[in-house]
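Right, one structure below, let's go through it.
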Amino acid sequence: MQTRPLFDSDLDGFRDSVRKFFEKEAVPFHAQWEKDGQVSKELWRKAGEMGFLCPTAPEEYGGVGADFRYSAVVMEEASALGLSGVGFSLHSDIVMPYILRHGTEAQKQTYIPKLISGELIGAIAMTEPGAGSDLQGVKTTAIKKGDSYILNGSKTFITNGQLCDLVIVVAKTDPKEGAKGTSLFIVEAGTKGFEKGQNLEKVGMKAQDTSEMFFQDVEIPAENLLGEAEGRGFIQLMQELPQERLLVGLTAMTACEAALQWTIDYTKERKAFGKPIMAFQNTRFKLAELKADIFAGRCFTDRCLELHLDNKLDVPTAAMLKQWTTDLQCKVMDECVQLHGGYGYMWEYPIARAWADARVQRIYAGTNEIMKEIVARAL
Ligand SMILES: Cc1cc2nc3c(=O)[nH]c(=O)nc-3n(C[C@H](O)[C@H](O)[C@H](O)COP(=O)(O)OP(=O)(O)OC[C@H]3O[C@@H](n4cnc5c(N)ncnc54)[C@H](O)[C@@H]3O)c2cc1C
């Protein structure tokens, strides 16, 4: 791995314990979790005990108030080991920050300590069967009735969708309005009328649960509106997007680095025409090109991380990063599969899984076409 000035030696110990935790508690079970379509709840609870969930949560809510590099370390280590089933980053770095930054004091006190411990697993439900990129088109409604809201609608493709105990749901409090009529709600699993649908069968990330959700006349207390006022949902969503897209970029580059190393090792071992595959000029040139691409990608990602630590990562820059790094990730995985030959297409080889896992990175957290729209609008 190249030197990363942002990550000083203070973080080495933390990285080491995260790596050891995943090697012991996740690597041996991941193949079974792929068959199960989800990881165990036990893994979440143990990660909570170790302080690996929500590392940035402040001390007043039971956290350690670490900076975002610690979150990056947890995700990077999962990504480096190919643990695509581990949905911690969505929980720790998307769901928890929504509550921390936009929730009422009562919501923070109620939910954040349990997200830190792993007692509660979080999800966020924006996408619907008829509305993905165009979120203003969501049809789910939350209509005020006395001291409650009545929620109706359905969601799909929701990460942590089977395991989750609480979901932040995007709904229209004023269906006649677009963005201005949108609000976010905290909905607890087990609330009458809230059903988790099937665990969707995906091309990759097979150990991560991704689900449909159905809401039929779900009565939720008015205090579960995220924040104090209706109609702020879009503003809240927009404020959290740079961090979400930075997360994707960070995992993309770590996955690329891991894939390159597996491929270097493999091509040194594997022989054809009496010599290692690595001896062919095509192999060496391909690997040299990928090495340079990944080096550049890592500089780009860490610069964005640095900006984010200073609260200066803006929406277009984060969009640029998400698009560029995930396009690169798919290119790297494809080249690395090619250099593995037929073995690269076999599920038991990490490179095959990494290739399948990579594809969705260009689709979720805003598709790469939408990312280019965002960048182009700011030109
Ligand atoms: C594994 C997985 C996990 C996910 N996790 C979550 C989650 O936890 N929570 C959640 O809410 N959602 C989640 N999603 C949903 C994801 O965010 C959406 O799939 C994504 O936003 C795209 O929406 P869509 O699938 O409806 O595609 P569409 O919006 O229908 O897009 C289809 C195609 O049209 C293109 N397109 C659309 N609009 C434009 C435009 N204006 N200009 C150019 N091209 C355009 C898109 O780029 C894409 O290529 C997940 C998806 C997957 C696959």
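The values are calculated or read from the model by the stated rules, or taken from the named source; none is laboratory data. Here the structure is a predicted model, which means the values were calculated and not measured. Reconstructed Cβ throughout: ideal geometry from the backbone, glycine too, with neighbour counts over all protein chains shown. Just so you know, the surface numbers come from the protein's heavy atoms only, side chains and all, with ligands and any DNA or RNA stripped out. Shrake-Rupley method; radii C 1.70, N 1.55, O 1.52, S 1.80 Å.
Those residues that are open to solvent by 70 Å² or more (accessible area, probe 1.4 Å) and in contact (Cβ under 8 Å) with a residue 40 or more places away in the chain, I need them from the range 169-205; list them, please.
Passing the criteria: E177, K180, E201, V203.
I'd like the full set of residues that are in contact (Cβ under 8 Å) with a residue 40 or more places away in the chain and open to solvent by 30 Å² or more (accessible area, probe 1.4 Å), limited to the range 356-366.
Listed by number, the residues that qualify are R359, V360, Y364.
Just give me the residues in the range 348-379 being near the ligand (Cβ under 8 Å from one of its atoms) and in contact with a Phe, Trp or Tyr (Cβ under 8 Å, 6 or more places away or on another chain), in sequence order.
Y364
Scan E219, E228, E212, E244 and give me the residue that is open to solvent by 10 Å² or more (accessible area, probe 1.4 Å), closer than 16 Å to V95 by Cβ and among the charged types (D, E, K, R).
Unique residue meeting the criteria: E244.
As an exercise: evaluate K155 against (1) buried (at least 24 other Cβ atoms within 10 Å of the Cβ); (2) of a type in the set (D, E, K, R); (3) more than 14 Å from the ligand (Cβ to nearest atom) and give the number of the one condition it does not meet.
Result: K155 passes all but (3).
Taking the stated definitions as given, is L287 crowded, with 22+ Cβ neighbours inside 10 Å and either touching a Cys at 6+ places or on another chain (Cβ under 8 Å) or under 25 Å from R270 (Cα atoms) (or both)?
No.
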